[in-house]
Amino acid sequence: MIPLPVLEEIVDRSGVAPRIELLLPAGARARQLLVRTLLLGMLIVLADHRPAHLTRVHQALTTLSEDDQRRLGVAADWKHGPHRLTYRQTERTFGLVADALAKDIPDGLPSGTLTAICDDLLEASIPDEFTDASTSLAVDWTDTETFSRPPPHGTSDCADPEASWGHRSGGGPGQDSELFFGYYPSAATMMRDEHGPAVPELARRMTVCSCRHDPARALVPVLTAMPEDDIPLGDILADSGYAHRDAGAWAVPLRQSGAQLVQDLHPLDRGPRGTHHGAIIANGNLYCPATPRTLLELGPLARDATPDQVAAHDQQTAETARYKLGKITTDDHDGYHRVMCPAAMGKIRCPLRPASMRLDRNRPEILTPPGHPPACCTQQTITVPPQTCAKTAQKHDYPSKEHRKSYARRTGAERTFSTAKDPASNNIARGWTRLMGLTPIMLWLACLMAVRNQRILTAWDARQEENARRAAAGLPPKTRRRRRKTLASPATAAPP
């Protein structure tokens with residue numbers, strides 16, 4: 001159980017309660033339940049692994065100690081004597097908050113006010129010692145069902161008109177995906193920088209959108225607004241579901257905000273994809289026209305790759321890097337930059353570059369140069385416009401060893417939603433909250449992520465104390481146990 005003072009500190013540090021109060025209508029009589037107390041009750045419910053029901057909020061507030069009830073306004077003195085908070089008052093205040101944070105015309109996307117409120121709540125749940133510990137974020141989206149039943153076939157009438165049909169991973173054998181009726185929550189989780197120390201995997205940003213909208217496009221404005229709050233963007237770790245979006249929807253706005261992409265390419269985006277001044281466009285880079293096709297068509301390693309396969313793959317990707325045209329200038333204000341022939345840079349030997357033929361023979365050699373050399377072979381450098389590799393360009397060459405190690409950090413995003421869907425905790429399956437509409441669901445999910453961050457911090461502190469104790473005793477840090485056998489191992493094992 002998270003202590004009450006910790007939850008109060010989150011609400012107070014965020015500063016969202018007085019801002020929401022200013023948005024609420026003023027009645028003839030002052031409300032007994034303030035927004036600060038309402039948010040605190042929501043956090044208490046989630047910290048106690050209870051479902052996101054307003055009846056639970058009322059129960060959590062009315063079971064506090066008498067002193068806390070008096071201090072928080074749950075128990076107050078009215079004209080005819082003491083009065084304890086009622087469920088109707090709880091429902092009324094939450095309804096006012098939801099109406100104030102929602103759009104005038106709901107469209108399945110959160111309002112700017114609601115997004116800012118949720119951002120501040122999550123940021124307040126991160127201690128000051130970790131706010132500047134890392135700039136890398138792992139992003140992912142998941143599914144959450146609305147409590148409303150779907151509309152009958154051929155109609156659009158239901159209790160939650162903002163919800164829509166979406167796809168999620170199937171739960172049956174051989175079932176790739178299945179339909180659900182609800183929303184797509186997205187989250188950006190802090191991960192350690194490539195050469196930085198380990199950090200707790202805290203959810204730093206989140207958003208929710210209807211399934212009729214693209215979750216990747218819905219997350220972009222949330223991420224690009226972070227530099228405006230003096231939070232620089234570093235590595236953005238994303239799977240192929242994000243990388244496959246068109247460049248203007250994902251890659252370009254993030255790069256313009258200072259982010260570096262580390263992502264898995266969709267199978268349809270891998271390998272050679274056209275030319276630019278004769279240079280082959282492949283996996284986000286430009287390569288020599290004489291690059292062996294087998295090197296350009298290399299894919300990522302399989303999960304069950306053997307050490308020998310890993311070593312061979314790393315050798316091939318290192319060989320591919322020799323044929324890559326090298327970037328010699330930074331992007332200008334329009335996104336243009338210049339690259340140089342790999343032979344002119346001394347990475348390969350090519351008869352079209354006589355000076356390169358004097359290099360030692362441990363470098364690859366072009367045996368059959370183009371009969372009619374293109375511009376990339378005749379010019380010392382060529383200019384690359386921003387649209388050439390706008391969609392697939394990223395921090396490391398794909399699928400090199402450096403990219404594989406950097407991309408491995410993305411699993412933190414998977415763990416973020418696995419804790420949110422843990423049946424032993426706050427499982428966000430259908431019925432988790434009976435409130436409908438994007439605004440109530442997003443506000444509850446923001447509170448859930450803030451509570452989850454506190455659980456992660458508790459586990460992090462315990463792990464650091466254990467490592468310090470083991471170091472004092474001369475023992476190595478405790479490592480996590482990993483499965484060494486596959487599920488098929490017992491079937492293929494020799495009989496005893």
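The values are calculated or read from the model by the stated rules, or taken from the named source; none is laboratory data. Small disclaimer: the values here were computed from a predicted structure and weren't measured. Using ideal geometry, Cβ is built from the backbone for each residue, glycine included, and neighbour counts are taken over all protein chains shown. Just the protein is used for accessible areas: all its heavy atoms, side chains included, with ligands, DNA and RNA removed. Shrake-Rupley method; radii C 1.70, N 1.55, O 1.52, S 1.80 Å.
Of note:
- Among (1) under 37 Å from the mean Cα position of the chain (by Cα); (2) part of a helix (DSSP H, G or I); (3) not polar (S, T, N, Q) - the single one ALA393 does not satisfy: (2)
- Unique residue being over 28 Å from LEU457 (Cβ atoms) and under 32 Å from the mean Cα position of the chain (by Cα) when the list is ALA75, ALA100, ALA124: ALA100
- Some residue of segment 193-201 being crowded, with 17+ Cβ neighbours inside 10 Å and farther than 23 Å from ARG410 by Cβ: no
- Among the residues of segment 366-422, those identified as closer than 20 Å to ARG303 by Cα and of a type in the set (S, T, N, Q) are SER400, SER406, THR411.
- Of the residues screened, ALA163 is not one that is among the aliphatic types (A, V, I, L, M), under 14 Å from the mean Cα position of the chain (by Cα) and surrounded by 22 or more Cβ atoms within 10 Å (Cβ to Cβ).
- Close pairs from segment 103-128: first of a type in the set (Lys, Arg), partner part of a loop (DSSP other than H, G, I, E, B) and open to solvent by 40 Å² or more (accessible area, probe 1.4 Å), Cβ under 9 Å, at least 6 apart: LYS103/LEU109
- Matching residues, segment 261-284, being buried (at least 18 other Cβ atoms within 10 Å of the Cβ) and assigned to a strand (DSSP E or B): LEU261, VAL262, GLN263, HIS276, ALA279, ILE280, ILE281, ALA282
- Number of the exception - ALA133 against (1) open to solvent by 50 Å² or more (accessible area, probe 1.4 Å); (2) among the hydrophobic types (A, V, I, L, M, F, W, C); (3) in contact (Cβ under 8 Å) with a residue 12 or more places away in the chain: (1)
- Single condition PRO342 does not satisfy, out of (1) open to solvent by 30 Å² or more (accessible area, probe 1.4 Å); (2) touching a Cys at 6+ places or on another chain (Cβ under 7 Å); (3) at negative phi: (1)
- Just one of the listed residues (ARG353, ARG361) is surrounded by fewer than 17 Cβ atoms within 10 Å (Cβ to Cβ), more than 32 Å from the chain's Cα centre (by Cα) and of a type in the set (D, E, K, R), and it is ARG361.
- Residue count, segment 5-26 (criterion: open to solvent by 30 Å² or more (accessible area, probe 1.4 Å) and not charged (D, E, K, R)): 7
- Every listed requirement among (1) charged (D, E, K, R); (2) under 19 Å from PRO106 (Cα atoms); (3) in a strand (DSSP E or B) is met by GLU178 save one, (2).
- Where GLY248 falls short, out of the listed (1) closer than 29 Å to SER164 by Cα; (2) of a type outside the set (Asp, Glu); (3) open to solvent by less than 40 Å² (accessible area, probe 1.4 Å); (4) not in a helix (DSSP H, G or I): (3)
- Meets criteria (surrounded by 14 or more Cβ atoms within 10 Å (Cβ to Cβ) and modelled with pLDDT under 95) for HIS333: no
- Beta carbons closer than 9 Å, at least 6 apart along the sequence or on distinct chains, pair a first residue in segment 81-99 that is among the basic types (Lys, Arg) with a second that is open to solvent by less than 50 Å² (accessible area, probe 1.4 Å) for ARG84/THR62; ARG84/GLN69; ARG84/VAL74; ARG84/ALA75; ARG84/ALA76; ARG92/LEU33.
- When every residue of segment 354-363 is checked against the conditions, at least one turns out to be touching a residue at least 24 places away in the same chain (Cβ under 8 Å) and within 20 Å of PRO292 (Cα to Cα).
- Among residues that are more than 28 Å from the chain's Cα centre (by Cα) and surrounded by 17 or more Cβ atoms within 10 Å (Cβ to Cβ), TYR287 is included.
- Those residues of segment 136-149 which are over 16 Å from ARG434 (Cβ atoms) and open to solvent by less than 50 Å² (accessible area, probe 1.4 Å), in sequence order: SER136, LEU137, ALA138, VAL139, ASP140, THR142, ASP143
- Considering residues of segment 290-317 that are among the aliphatic types (A, V, I, L, M) and over 30 Å from THR383 (Cα atoms) only, the residue surrounded by the fewest Cβ atoms within 10 Å (Cβ to Cβ): ALA302
- Considering segment 107-119, the residues that are of a type outside the set (S, T, N, Q), surrounded by 16 or more Cβ atoms within 10 Å (Cβ to Cβ) and over 17 Å from the mean Cα position of the chain (by Cα) include one that is farthest from ILE10 (Cα to Cα), namely GLY108.
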